[in-house]
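Working notes, beginning with the structure itself.
None of the figures in this text is laboratory data; all of them are computed from the coordinates on show. Quick caveat, the model's predicted, so the values are computed rather than measured. Ideal geometry is used to build each Cβ from the backbone, glycine not excepted, and the neighbour counts take in all protein chains shown.
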Amino acid sequence: MLKPMMLRRLKEDVEKTLQPKEETIIEVQLSNVQKKYYRAILEKNFTHLLKGNHMPSLMNTMMELRKCCNHPFLIKGAEEQIVSEFHEQNPDENEFIQNHNALIQSSGKLVLIDKLLPKLQRDGHKVLMFSQMVKVLDLIEEYLNYRQYSYERIDGNVRGDLRQAAIDRFSKKDQNKFVFLLCTRAGGLGINLVAADTVIIFDSDWNPQNDLQAQARCHRIGQTKMVKVYRLITANTYERTMFDRASLKLGLDKAVLQSMKPNATDQLSKKEVEDLLKKGAYGAVMDEDNEGSKFDEEDIDTILQRRTQTITIEVCLATNIYINKYCKYYVNF
């Protein structure tokens with residue numbers, strides 16, 4: 001029987017001038033609106049959820065909480081209720097402005113984006129923004145149109161020829177495209193976007209390798225600038241705990257050893273999932289009621305100074321692993 005061997009080809013072996021990338025984890029506060037829905041979902045508070053015209057599905061609590069961490073508009077029936085409340089609070093303001101204020105202020109992550117993008121544009125950066133959910137991209141696209149940022153978009157519904165046309169437009173300097181919206185699954189593989197030097201991970205994938213592949217769309221051979229990655233994580237929620245757990249998978253030695261064990265499993269038990277959800281959820285809803293308002297009032301420099309953790313990642317990580325148990329080697333590309 002042949003013993004397995006591992007061959008690794010690293011970026012640093014091919015491109016000596018490629019600079020390391022810097023990843024900044026930004027802890028975002030849930031808005032007050034998000035906290036209400038977050039707790040209602042966790043506790044299955046039907047009285048609060050039924051205020052809207054529709055009832056969200058609570059069969060998969062983890063998915064509903066994950067939606068809430070991104071934007072409460074993703075919860076079935078929540079958008080109409082939230083927009084209506086914003087109109088009642090400010091009846092004299094323009095309806096168009098109120099709708100977009102509701103869009104931005106309802107999500108802590110979108111509040112952060114609204115502060116971060118002007119700074120990046122002033123500094124001359126081009127941005128890739130990734131999300132796993134197409135509906136999240138729809139909301140961000142609505143925001144970009146409201147703020148009049150030029151952008152391109154790729155998701156699973158975009159045909160191959162249109163994908164390449166969008167990439168070409170973004171890569172041309174005379175087009176002045178600022179943001180490229182991509183779905184992590186559909187736009188995170190096989191495309192070259194070295195025209196960008198900044199990546200925003202709006203919501204992390206449970207498989208950290210997918211996020212690394214997404215970052216590699218611009219941190220790759222041909223990139224001449226230092227790549228900056230901003231990862232948005234909602235503070236004191238299960239999303240943060242799950243991200244920390246998923247990060248353990250990035251240890252390459254552990255990943256290889258686990259893959260060679262016949263009975264290896266990373267599945268959580270029912271009790272572990274329950275504890276994980278409760279720990280994160282109650283950590284969020286037990287914050288001060290005005291914590292979301294404080295976050296809304298802070299400027300981007302204060303947020304980047306007080307609410308971030310920065311990691312510099314050297315150019316030594318292989319971009320992918322392909323394992324074949326019938327071969328005597330592992331190949332990395």
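Observations, loosely collected:
- Debye equation applied to the C-alpha atoms of the range 150-242, log10 I(q)/I(0) at 0.16, 0.17, 0.26 Å⁻¹: -0.67, -0.75, -1.48
- Protection-proxy order for peptides 89-97, 61-69, each taking the mean of Cβ atoms within 10 Å per residue, highest first: 61-69, 89-97
- One quarter of the surface of the convex hull around the alpha-carbon atoms of the range 61-189 equals 9.2 nm², the direction-averaged projected area.
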